[in-house]
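Values quoted throughout were computed directly from the atomic coordinates according to the rules given, and no laboratory measurement underlies them. This one's a predicted model, so the numbers in the text were calculated from it and none came from an experiment. Methodologically, a virtual Cβ is constructed for each residue, glycine included, from the backbone with ideal geometry; neighbour enumeration extends over all protein chains shown.
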Amino acid sequence: MPANAFNNFNDYGIGIGLRVPHYRHILEKKPVVDWFEIISENFMVDGGRPLQVLDQILEQYRVVQHGVAMYLGSADRLSRDHLKKVKRLVKRTNTPWLSDHLCWGSVDGRYTHDLLPMPYTFAAAKTTAANIREASDYLEVPICVENVSSYAEFHASEMTEWEFLSEVVERANCGILLDVNNIYVSSQNHNFDPYDYLNNVPHYRVGQIHIAGHSKFEKYILDTHDHPVLDPVWKLYAHAIKLVGRTATLLEWDDRIPTFAEVHREALKANQFVEDQFQTAAA
Amino acid sequence: MASAVFRPLTARDRMQPRWSDGRSARTVANEFIKPNDRLSSFERLEIYNRVYWFRVLDCLYDDYPGLRAIVGEKKFLRLATAYLAKYPSVSFTLRNLGQRLEQFLREEPSWTAPNEILALDMARFEWAQVIAFDNAERPRLTMDEISDTPPGRLRIGLQPYLSLLELNYAVDRFLLAIKKREADTLRDEASNTFESMPHLQRRKRPVRRPKQEQVRLVVHRHDNLLYYKRLEPEAFAILRGLQQGKSVEKACAAALANSKRRDVDWVSQIQEWFHDWSALGWFCSRAR
């Protein structure tokens, strides 16, 4: 039974990101994995090996699309050409939902290839929600928006990040991809309590959770996805599961990628927190 | 914020102290970015500026090992910075970051002096490999389908992933040597700390520059693996003619008109070429 209205796929369990260094292992060994998350843009190509690998993965595994370049928070209209490419991929993968970020990243047709933070204003929330509705209508698939990690805050902001996220998803009537590592990173960079964030987003909209590792520098934390998940993030994850119930969870590991077995082992640690919560609730 | 992100870094990889209009960047950053107890507004904005440049330069660094070897590591980073400042990414994917590099090198050859032509050849060759990797494959034409139409009326398309390159240097062999050297270096360094900053990497043993020679190359893929194949001048000219929309008859006639070779059975030779090219899947119907 779904934990919430936007979480119809809580049987998805623990997934990992599909990454190039693991292709051969996955295709040859066919390890048991609940599901793979793909970066949509890596497969929005016209041919060649990326699509060949994807088709082979789709024969064996459930795949969920995660985008990095729809730029839902952009003041510009969404690129119809980009949406067409996403939709073509949606038809190929049959992704049950797709996610992208609550951010902007392009201006006047120039791309930063980054997930840039937004000023948390009501006007920005309105624009972003309209973009999400347009994308969802066009793509005909539920959308979850992901909170990004950030290193800067704007004077123009009128609310907290979690209030902004809530405002956007309520206006757009969409789901949330709750990245607990990003919440932790931003909480350290902006001096807020990450539990305030977790406690105050609409839990019934959380359709997926991301976990990842980060890097600590002298004056800030960077969301590098190149380490195992750190303890404070696991604690936040445990709290998130308590609030939102059993939810599809994915480990992101994008740099200095170790063996498939190591990444998978790290991801499966999440099961312990899910089961702990499940048993506590049953008792 | 976007203008801050796109502005090139200083020589020390920091954000420029002056805004594009000459004002102090610290003053401008203070106007829209909040400071915190550890970082000023300028420093917080600088994180995004640096991450942008490290990301795009890393991408070009990986995509152009041959060009990098020709101009040298430091000069390559300056060239890449100038290129991206003039032609920032206009695509959602980093895959297309080098799509206007050839144009840039033609417009501003001073970045590759004194190896302008060699560098241009290499940039074209390396971009052709990006295209070969994941451009579309259209339904193939078989020899039977080709044989059904008289050569005078037959127009054949070439696969979108295929590039025909007429080069002045043997950059194909040079790049193979460069890649071998990079693989050897990686093995040597496997136990050492990995540095993600390109300019911090170790000095590598030099590879001899390619000699000047006319090379006609097809860059393509087969079974989703990348290949490059040298062609004889007449074979290259036929394919170029087909790509330009000439009929098979006219493409062959034009190619042979310029040939100096007289001791060749051209009918058999052309049949053999077409058979090979068809087997490699290079032929498709022409795009409308």
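The table below lists the values:
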| read-out | value |
| --- | --- |
| Residues A:120, B:87 arranged by fewest to most Cβ contacts within 10 Å | B:87, A:120 |
| Overall form of region A:216-283 per C-alpha gyration tensor (a/c, 1.5; a/b vs b/c) | oblate |
| Scaled radius of gyration (Cα, divided by 2.2 N^0.38 Å) that the protein assembly as shown gives | 1.08 |
| For A:32-43, mean number of other protein chain Cβ atoms within 10 Å | 1 |
| Candidates per GluC sites (Glu not before Pro) in region B:82-156, loop by DSSP, up to 15 other Cβ within 10 Å | none |
| Label-to-label distance, nm, for residues given as residue A:160 and residue B:256 (7 Å Cα→Cβ offset) | 8.1 |
| Candidates B:134, B:265, B:13: whichever shows maximal mean-square fluctuation once chain B is modelled as a Gaussian network with Cα springs under 10 Å | B:265 |
| Bridge type composition, region A:166-283 - antiparallel percent by DSSP, nearest 5 | 20 |
| Pairwise centroid distance, computed over Cα atoms, of region A:24-65 with region A:181-234, Å | 27 |
| Shielding score for B:29-38, defined as the mean number of other chain Cβ atoms within 10 Å | 4 |
| Estimated 222 nm signal from helices in chain B, with DSSP H stretches of n ≥ 4 weighted -39500 (n - 2.57), rounded to 500 | -15000 deg cm²/dmol |
| Radius 12 Å from Cβ of residue B:94, net charge of other residues (Lys, Arg +1; Asp, Glu -1) | -3 |
| DSSP bridge pairs, the protein assembly as shown: antiparallel proportion in percent, nearest 5 | 45 |
| Efficiency of FRET from Cβ geometry, residue B:224 and residue B:149, R₀ 51 Å, rounded to 0.05 | 0.95 |
| Choice from B:29, B:69, B:235 showing the highest fluctuation, given a GNM over chain B with Cα pairs closer than 10 Å | B:29 |
| With Cα atoms, 0 to 90° folded angle of helix B:41-63 axis to chain B main axis | 20 |
| Inter-centroid distance (Cα atoms) of region B:51-95 relative to region B:1-45, Å | 22 |
| For A:143, B:131, order by how many other beta-carbon atoms lie within 10 Å, fewest first | B:131, A:143 |
| Structure-based [θ]222 nm, chain A - -39500 (n - 2.57) summed over DSSP H runs of at least 4, per residue, nearest 500 | -13000 deg cm²/dmol |
| Label-point separation in nm, residue A:262 to residue B:184, each point 7 Å along Cα→Cβ | 2.8 |
| Measure of compaction for chain B (Cα Rg per 2.2 N^0.38 Å) | 1.26 |
| Percent of alpha-carbon pairs separated by more than 35 Å within chain A | 12 |
| Percent antiparallel among DSSP beta bridges (both partners in region A:14-282, rounded to 5) | 15 |
| ³J(HN,Hα), Karplus 6.51/-1.76/1.60, whole Hz, each residue of region B:275-284, x for Gly, Pro | 4, 5, 5, 5, 5, 7, x, 6, 8, 8 |
| Pairs beyond 27 Å (Cα-Cα), from A:29/B:180; A:29/A:235; B:34/B:86; A:242/B:34; A:84/A:126 | A:29/B:180; A:29/A:235; B:34/B:86; A:242/B:34 |
| Where labels lie 7 Å past Cα in the beta-carbon direction, separation of residue B:271 and residue B:82 in nm | 5.4 |
| Order of A:132, B:117, A:14 - criterion: other Cβ atoms within 10 Å of each residue's Cβ, fewest first | B:117, A:14, A:132 |
